[in-house]
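The values are calculated or read from the model by the stated rules, or taken from the named source; none is laboratory data. None of these values were measured; they are calculated from a predicted model. Note that we place each Cβ from the backbone using ideal geometry, even for glycine, and neighbour counts take in every protein chain shown. Please note that ligands, DNA and RNA were not included when accessible areas were found on the heavy atoms of the full protein model with its side chains. Shrake-Rupley method; radii C 1.70, N 1.55, O 1.52, S 1.80 Å.
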Amino acid sequence: MGLGRRALLAPRSNASPRGRVVLPFSLFRTVKRQELLLAVPVHTAAHSARRAATTVAATSSDSRTVSAAAAVDVDVAEPVAVTPVSAPNKAEEPAPRKPGQAEDGMFQQHPSVAAWRSWYFSDADYDSTPERAAAALQRMIGSVVASSPTDPTSVAYWAYHSARNLFLALQGVASVTYTDARKALRGESGTTFSPVATGGRLVAESYECFRQDLDNIRKGVYKLPWDMTNPSHRQYNPLFVLGSSLRFLTEADKTLSRRRKSQAEPVWMESAMYPDYYMNTFHYQTDGWLSSASAAIYETSTETLFIGRQDAMQRNTLIPIHAWLSEGARDEAEVSLLEVACGTGRFHTFIKDNYPQMSTTALELSPYYLQAARQNVKYWAQLTGNTRNLSATRFVQAAAEAIPEPDNSYDVVLSVYLFHEMPRHAQEAAAAEMARVLKPGGLLVFTDSIQLGDRPVLDANIAKFEAFNEPHYPAYVNAHIGQMFVDNGLQPHLKSLSSATKTLSFRKPSP
């Protein structure tokens with residue numbers, strides 16, 4: 001749910017943050033308006049010609065450039081006769097494969113991979129806000145209709161997620177408006193980024209993400225979200241919602257101002273217990289990962305940034321777990337699971353809700369976030385009547401790169417939104433540790449931001465998320481994470497996509 005995560009008291013070269021918000025604020029490749037009626041739009045020659053009229057140079061998804069001469073008139077000198085010089089007969093080096101492309105031959109492809117590679121919506125293709133809004137609405141309706149919402153479960157799902165999506169979108173707009181108003185009162189010039197520029201695409205993409213999530217629920221891959229199905233949940237309390245929104249607006253004013261100035265504040269403490277890279281205020285958030293206030297606002301901030309689709313994207317992690325349990329006819333009561341860098345524990349509550357008899361361990365570097373995880377799991381247990389299972393959850397403050405557990409000790413090991421906030425050496429150490437503690441025959445699940453090649457239409461702008469004080473993100477989108485786990489003795493299994501998130505799963509061979 002967001003992006004920024006962590007790991008425990010490790011040497012300065014060994015620790016891991018936890019990244020949660022992985023939203024590349026990029027413009028998708030444009031499409032013809034009439035193509036928006038199709039579930040999978042296709043580029044046409046007419047469309048390409050229309051866009052080329054205003055393009056001086058463009059870069060295609062395979063990184064080959066198009067000359068400016070193709071778009072503008074230039075004077076070309078008469079050819080001059082020259083003596084040819086023989087060049088060595090050297091074959092061209094093939095361009096390095098992008099991570100998303102390299103994974104095609106490694107993993108079984110879930111249908112979501114092809115679906116998200118072909119899905120796009122471009123706000124830039126429309127000249128006015130009403131036109132853009134109408135096109136986005138058409139795509140939203142298309143996603144709802146495609147899910148055939150005739151049963152009570154589907155109707156309830158769409159009612160809940162539509163309302164939640166609208167509220168969080170408005171809360172995001174309010175945060176920008178509030179920040180600009182505060183800036184004007186301080187006598188500062190300029191405005192924060194306009195949410196209108198990418199708003200249509202974000203909302204339309206959210207609805208497609210929800211359609212995929214509902215499809216998994218109806219197939220029995222996982223349950224409806226427990227917070228949706230419990231009317232007594234605190235999110236339905238207006239006073240709780242008001243308090244969360246006020247805290248978010250106050251924090252948003254600070255983080256957006258820092259982002260505009262590219263001035264991150266240092267973490268308030270100094271400690272040799274954490275590595276240097278961990279002492280960063282990712283996303284420009286106050287205190288980084290090292291305060292209770294940061295933990296309290298984290299879920300609201302990340303879900304607002306993703307306008308309500310973060311939970312749905314994270315639930316993709318449950319797909320390979322369901323498949324692994326079903327294939328082996330395994331009893332969940334006999335399965336042990338470790339979540340590395342659990343953050344505030346929100347996703348851990350979805351694990352517990354789907355597998356209440358499973359013995360789970362939540363590992364986290366930040367003691368403040370680990371405490372929030374403990375409170376979230378306790379709240380889930382009390383609200384759902386599963387207090388008898390609370391003792392089956394352990395909370396461990398530890399680094400992803402130095403997991404304090406014996407070899408071959410867990411049946412399932414997973415991480416969500418961790419690796420994109422780690423430098424290469426920390427990623428490699430964490431991958432090795434996760435593989436080490438996994439039992440033979442066990443399942444490892446990696447969920448994080450999409451990378452280059454996963455959704456080619458986003459490749460040109462995906463690394464711009466670095467602007468949210470994510471210094472390791474450009475290297476992450478180029479890193480071959482799948483190979484990193486394979487190098488530690490794991491076998492690739494299944495790959496799936498959900499909007500801005502990818503999930504890779506691996507199996508550890510039995511002797």
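Listed values, structure above:
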item	result
Flag for Leu246 being farther than 15 Å from His161 by Cβ and touching a residue at least 40 places away in the same chain (Cβ under 8 Å)	no
Count of the range 350-373 residues which are farther than 13 Å from Thr317 by Cα and touching a residue at least 60 places away in the same chain (Cβ under 8 Å)	9
Restricting the range 260-288 to residues that are at positive phi and in a helix (DSSP H, G or I), the residue that is modelled with the lowest pLDDT	His283
Total residues in the range 472-511, condition in a strand (DSSP E or B) and of a type in the set (S, T, N, Q)	6
Matching residues, the range 442-471, being open to solvent by 10 Å² or more (accessible area, probe 1.4 Å), in a helix (DSSP H, G or I) and more than 18 Å from Ser112 (Cβ to Cβ)	Ala463, Lys464, Glu466, Ala467, Phe468
Qualifying positions in the range 391-412 - in contact (Cβ under 8 Å) with a residue 40 or more places away in the chain and open to solvent by less than 40 Å² (accessible area, probe 1.4 Å)	Thr393, Val396, Ala398, Ala399, Ala400, Glu401, Ile403, Glu405, Ser409, Tyr410, Asp411, Val412
The range 144-156 residues that are surrounded by 14 or more Cβ atoms within 10 Å (Cβ to Cβ), paired with ones that are among the β-branched types (Val, Ile, Thr) and assigned to a helix (DSSP H, G or I) (beta carbon under 6 Å, 6 or more apart)	Pro149/Val155
Which listed residue, of Ser162, Ser175, Ser194, is open to solvent by 30 Å² or more (accessible area, probe 1.4 Å) and modelled with pLDDT under 90	Ser194
Condition met for Ala432 (in a helix (DSSP H, G or I), within 20 Å of the chain's Cα centre (by Cα) and farther than 17 Å from Tyr277 by Cβ)	no
Residue check for Ser271: open to solvent by less than 10 Å² (accessible area, probe 1.4 Å) and more than 30 Å from Ser112 (Cβ to Cβ)	no
Checklist (1) closer than 24 Å to Lys502 by Cβ; (2) over 16 Å from the mean Cα position of the chain (by Cα); (3) open to solvent by 10 Å² or more (accessible area, probe 1.4 Å) applied to Glu299, failing item	(2)
Any hit, the range 369-390, residues being open to solvent by less than 10 Å² (accessible area, probe 1.4 Å), of a type in the set (Ser, Thr, Tyr) and closer than 23 Å to Val486 by Cβ	no
Inter-residue pairs, beta-carbon under 8 Å, first free of Cβ contacts under 8 Å to residues at least 24 places away in the same chain and in the range 460-484, second of a type in the set (Asp, Glu) and assigned to a helix (DSSP H, G or I), 6+ apart	Pro474/Glu466
Considering residues of the range 485-496 that are touching a residue at least 40 places away in the same chain (Cβ under 8 Å) and in contact with a Lys or Arg (Cβ under 6 Å, 6 or more places away or on another chain) only, the residue nearest to Pro509 (Cα to Cα)	Leu490
Matching residues, the range 415-426, being out of contact with any helix residue (DSSP H, G or I) (no Cβ under 6 Å at 6 or more places or on another chain) and either under 11 Å from Val340 (Cβ atoms) or in a loop (DSSP other than H, G, I, E, B) (or both)	Ser415, Tyr417, Leu418, Met422
Residues of the range 98-140 satisfying the condition of being surrounded by fewer than 20 Cβ atoms within 10 Å (Cβ to Cβ), more than 22 Å from Val477 (Cβ to Cβ) and within 21 Å of the chain's Cα centre (by Cα)	Gln108, Pro111
Subset tally (residues that are over 15 Å from Met422 (Cα atoms) and either among the acidic types (Asp, Glu) or crowded, with 21+ Cβ neighbours inside 10 Å (or both)) for the range 472-484	1
